[in-house]
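Structure first, commentary second.
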Amino acid sequence: LAQNTTNALTLSRNATVNQKITLTGDINTGSYVLILGAASTAEGTGDIWGTTRRSHTFTNGQAYSYGNSNVSIAFSASGTHPSQVDVKLTKSQPPNYNNNAVGRYYEITPTGGSGYSATLGLRYLDSELPTRSYDESKFRLLRYNSGWVAHPVENTTAVPASNYVECTSVTA
């Protein structure tokens, strides 16, 4: 790891964390992957930019963080869970979307599994909001599948004070 002047660390190879990770600044994985073990938890105010991976047995109902504690996935008991989930966080607005989006996007890539359902929580920062004003309590998560699709509002909870949006019953 190398620390730069903005209190961020950059990976110089793949790295594995099996315990708690406290982010007081950001980690940039670059072309590498930060692998989080089954017992790894996260706290702090930073983010992991780039790819974070979990490849272990997922316990039903347990929220697994992907760098920041407000970036998490919890699988329900339904279906067969993926054997691995990669979350890639990028510091820009989503491609193929208008300029009213938050200035970050997540690519979530499960490997294997079928018929599962999950609760997905994602965070954003106020500094990443577009210049126009928004009612953050109405934020919803969008999924790209040959076009942008909003997850149902009845499955979504936005928590503006924490810059966090959670969606239940995510199946893709």
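For residue 135, the solvent-accessible surface with a 1.4 Å probe is about 80 Å², rounded to the nearest 10. Surface listing: 108, 73 arranged by accessible area from highest to lowest gives 108, 73, probe 1.4 Å. Please report the carbon-and-sulfur percent of the accessible area for the chain; probe 1.4 Å, protein heavy atoms only, DNA, RNA and ligands left out. Answer for the chain: carbon and sulfur cover 48 percent of the accessible area.
Ordered by 1.4 Å accessible area with all protein chains kept, 143, 132, 104 run largest first as 132, 143, 104. Rounded to whole numbers, the Karplus 3J(HN,Hα) couplings from phi for segment 161-172 are 4, 9, 6, 9, 10, 10, 9, 9, 6, 7, 10, 8 Hz, using 6.51 cos²θ - 1.76 cosθ + 1.60 with θ = phi - 60°, and x at Gly and Pro.
The residues neighbouring residue 19, those whose beta-carbon lies less than 15 Å from its own, together hold a net charge of +1 under the Lys/Arg +1, Asp/Glu -1 convention.
When +1 charges are put on Lys and Arg Cβ atoms and -1 charges on Asp and Glu Cβ atoms, the dipole computed for the chain relative to its Cα centre reaches about 300 debye.
Model label points for residue 96 and residue 39, set 7 angstrom from Cα along the Cα-to-Cβ axis, are 4.2 nm apart. Model label points for residue 146 and residue 32, set 7 angstrom from Cα along the Cα-to-Cβ axis, are 3.9 nm apart.
The values are calculated or read from the model by the stated rules, or taken from the named source; none is laboratory data. Model, not experiment: these values are computed from the prediction. Using ideal geometry, Cβ is built from the backbone for each residue, glycine included, and neighbour counts are taken over all protein chains shown. Protein only, heavy atoms only, side chains kept; ligands, DNA and RNA dropped before computing areas. Shrake-Rupley method; radii C 1.70, N 1.55, O 1.52, S 1.80 Å.
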